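Where a number appears in this text, it was derived from the coordinates with a stated rule and is not lab data. Only a predicted model underlies this, so the values are computations on that prediction, with no experimental measurement involved. All Cβ positions, glycine included, derive from the backbone under ideal geometry; neighbour counts span all protein chains shown.
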Amino acid sequence: MSTLHSKYIIIGAGLSGLTSANQLQARGIQDFKILESRTHIGGRIYTKEGIDLGATWFQNHHTYMLTVLEQLKLKSFSQFSAGKSILVYNSMAPAHYFESDQNSPAAQRIANGSEALIQALASGAQDKITLNTRVTKITENEDKIHIQTEKTAYTCDKLIVTIPPKLVKNIVFDSELPESLTQVLGKTHTWMSNAIKVGLTFKRPFWREQGLSGTVISQISEVTELYDHSNASENEFRLMGFVNEGLRDLTASDRQERILKYLEKYLGPEIRSYIHYEEKDWAADPNTSNDHLNSVYMSPSYGNPVFQKLYMHGKLVFSGTETATISGGYMDGAIHSGLQAVALLNAK
Ligand SMILES: Cc1cc2nc3c(=O)[nH]c(=O)nc-3n(C[C@H](O)[C@H](O)[C@H](O)COP(=O)(O)OP(=O)(O)OC[C@H]3O[C@@H](n4cnc5c(N)ncnc54)[C@H](O)[C@@H]3O)c2cc1C
């Protein structure tokens, strides 16, 4: 088996890994590779058939995100929320209607889906990304780090590991990592790894035509949150939301029927006229999740000080949104961590 050498290797082609790649290039460094286990880039940013099955929204205080979108000249737009929204708080009671204040700042979405950010970040580094390549072993050997994948061996001078902290245990480290680090890695919840998303595409925005915003909120129902997910140009009409985890173990067809029946009750029979239906259970995806926790709705504590240090004699840094001291868990945090990883390695 041949060994390929690069000055820098980044494990993971999600938002943090691609931000680091972009940052290396901004510093004039081209001698790097990105190794990605999935067959596509983006990690927890995944847009399929126009539906953001992973990350969708950012807010005005996500300044790293705003800066990157501006640098990459990507457009954003406000989450649609005009009209009556529905709150289902009791299965016996009739729906409760409410309206969002159209003057207060709404969550923002990226035009052409969140994957537009990923594609733009990766555009100058496509030839450096190797997909379908799972890293299984990392060894320190004098001044180099050896990386074993299922197919090929690599060496590098400096390594950025961006995979979710809990998945680091899937990689064998030959030289032992400090106990303080391994404990934190094992305990850091992977943000949104328990989420199930659903999205539906329609010919017409039938809910808007009824004066509804498309927002349907309920912790007690099959879909806990649903939102209008039409595109920025308003010529593709979609609804997208989060599925109740109680439906996880049903068959796909039983789950779909429960979801449609519930939405039919509040949005009417036209919900069944969808032209496309998509679902993704992130807990079933081994590239994001291993031992999933149910129902983690509060943002856990991220950015532990162990992630602000270098390992393997200054050659290894752990990155990724869960390591970020700012906006941990969010896309904004992933960008922050990607920038910080390159700064910590003092990449030249
Ligand atoms: C359903 C869902 C909804 C979300 N909604 C929002 C939202 O609205 N707003 C927001 O700001 N954030 C949201 N997030 C969070 C956001 O997606 C993340 O903050 C961000 O995408 C994390 O990027 P990352 O690069 O740190 O990690 P990841 O995207 O997880 O990237 C890590 C990469 O490492 C790869 N990998 C794993 N193991 C290996 C291995 N052994 N070898 C090689 N590669 C490996 C993975 O395939 C992956 O591509 C959401 C996430 C999900 C899942």
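Too long at a 29 Å Cα-Cα cut-off: which of K75/K169; K128/K197; K48/K73; K144/K309? As for pairs spanning more than 29 Å Cα to Cα, those are K75/K169; K128/K197. Quick one: if the Förster radius is 45 Å, what FRET efficiency do I220 and A343 give, using the C-beta to C-beta distance and rounding to 0.05? E between I220 and A343, to the nearest 0.05, is 0.50.
For the chain, DSSP calls about 65 percent of its internal beta bridges antiparallel. For the pair D157 and T3, the difference between a 0.36 nm per residue extended length and the Cα-Cα distance amounts to 54.1 nm. Full extension of the chain between H276 and E236 gives 13.3 nm of extra length, using 0.36 nm per residue less the Cα-Cα distance.
Altogether, the Stokes-Einstein calculation at 4 °C and 1.567 mPa s, with the Kirkwood radius of the chain over Cα pairs as Rh, returns a diffusion coefficient of 61 µm²/s. Test of the criteria: in segment 233-338, which chymotrypsin sites (Phe, Trp or Tyr not before Pro) are in a DSSP loop and have at most 14 other Cβ atoms within 10 angstrom of their Cβ? Those satisfying the criteria are Y297.
With the Cα gyration tensor of segment 13-88 giving a ≥ b ≥ c as the square roots of its eigenvalues, does the rule (a/c under 1.5 for rounded; else a/b larger than b/c for prolate; else oblate) give rounded, prolate or oblate? Taking the square roots of the gyration eigenvalues as a ≥ b ≥ c, segment 13-88 is oblate. Backbone N atoms of segment 269-283 closer than 16 Å to the 7 Å Cα→Cβ label point of T251 are not found in any residue. Taking GluC sites (Glu not before Pro) across segment 154-263, the ones in a DSSP loop with at most 14 further Cβ atoms lying within 10 angstrom of their Cβ are E176, E234.
Counting only Cα atoms, the size of segment 48-180 along its three principal axes is 65, 41, 30 Å, in decreasing order.
What the Cβ-Cβ distance of L87 and H40 gives, at R0 = 41 Å and to the nearest 0.05, is a FRET efficiency of 0.70.
Kindly provide the helix-only [θ] at 222 nm of the chain, computed as the sum of -39,500 (n - 2.57) over DSSP H runs of four or more divided by all residues, to the nearest 500 deg cm²/dmol? Please report the intermediate quantities before stating the final value.
Numbers: 7 runs with 72 residues, N = 348.
Rounded to the nearest 500, the figure is -6000 deg cm²/dmol.
Note on Q308 and D285: the model spin-label points, each 7 Å out from Cα along the C-beta direction, lie 3.1 nm apart. Taking a ≥ b ≥ c as the square roots of the eigenvalues of the Cα gyration tensor, segment 103-223 is classed as prolate, since a/c reaches at least 1.5 and a/b is larger than b/c.
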